[in-house]
Amino acid sequence: MITHTLHTEQWLDRPLQDVFAFFADAANLETITPDELRFHILSPQPIEMRVGALIDYRLYLAGIPFRWRTKITAWNPPYSFEDTQLKGPYSTWIHRHTFEEQDGGTLITDHVRYALPLSPLGDVAFPLVKWQLGRIFAHRQQVIAAQFG
């Protein structure tokens, strides 16, 4: 199995506590996900974010419906948290979110380690998946920048 990484950073001119609070509310995932994915949280809300919290979603990739379940595997407010896919479209998906006070604002870092299903056959789709994830995270950054003005 081949593991890939995605790394993004975004600086906001907002206090750490405000930025973390936005990300700590799982409902905001629907807000920052592109409409084309038809992303919807299935778990009853509000979700108490903590180590062990489970979150179920439904989304569409290339028109194909997927259910996705993640578990919060690390929770260190207001500095970081990590979600790990238990069920979903990837063989591996571990997404670490970090928040750091920097230059009077907050630096958001997303670091994702992921592997495609059906390796090595599934790895032929890597260029398309990489492109799609780049678009998704670019969209997230635009929405977050607008959200925090």
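The values are calculated or read from the model by the stated rules, or taken from the named source; none is laboratory data. All values reported here derive from a predicted model rather than from experimental measurement. Cβ placement follows ideal geometry from the backbone for every residue including glycine, while neighbour counts extend to all protein chains displayed.
Reported count of residues in the stretch 15-30, each being part of a loop (DSSP other than H, G, I, E, B) and not aliphatic (A, V, I, L, M), is 2. Here ALA74 clears all of (1) in contact with a Ser or Thr (Cβ under 7 Å, 6 or more places away or on another chain); (2) modelled with pLDDT under 95; (3) not hydroxyl-bearing (Ser, Thr, Tyr) except the condition numbered (2).
For the stretch 57-79, a tally of residues being touching a strand residue (DSSP E or B) at 6+ places or on another chain (Cβ under 8 Å) and either surrounded by 17 or more Cβ atoms within 10 Å (Cβ to Cβ) or among the hydrophobic types (A, V, I, L, M, F, W, C) (or both) returns 9.
Scanning the stretch 109-127 for any residue that is under 20 Å from ILE47 (Cβ atoms), of a type in the set (Asp, Glu) and surrounded by 16 or more Cβ atoms within 10 Å (Cβ to Cβ) turns up at least one such residue. Once the stretch 80-107 is narrowed to residues that are within 19 Å of LEU133 (Cβ to Cβ) and β-branched (Val, Ile, Thr), the residue that is surrounded by the most Cβ atoms within 10 Å (Cβ to Cβ) is ILE94. Against the numbered list (1) charged (D, E, K, R); (2) closer than 25 Å to THR3 by Cβ; (3) surrounded by fewer than 15 Cβ atoms within 10 Å (Cβ to Cβ); (4) under 13 Å from the mean Cα position of the chain (by Cα), ASP25 comes up short only at (2). Within the stretch 31-48, restricting attention to residues that are assigned to a loop (DSSP other than H, G, I, E, B) and more than 14 Å from the chain's Cα centre (by Cα), the residue that is surrounded by the most Cβ atoms within 10 Å (Cβ to Cβ) is ILE47.
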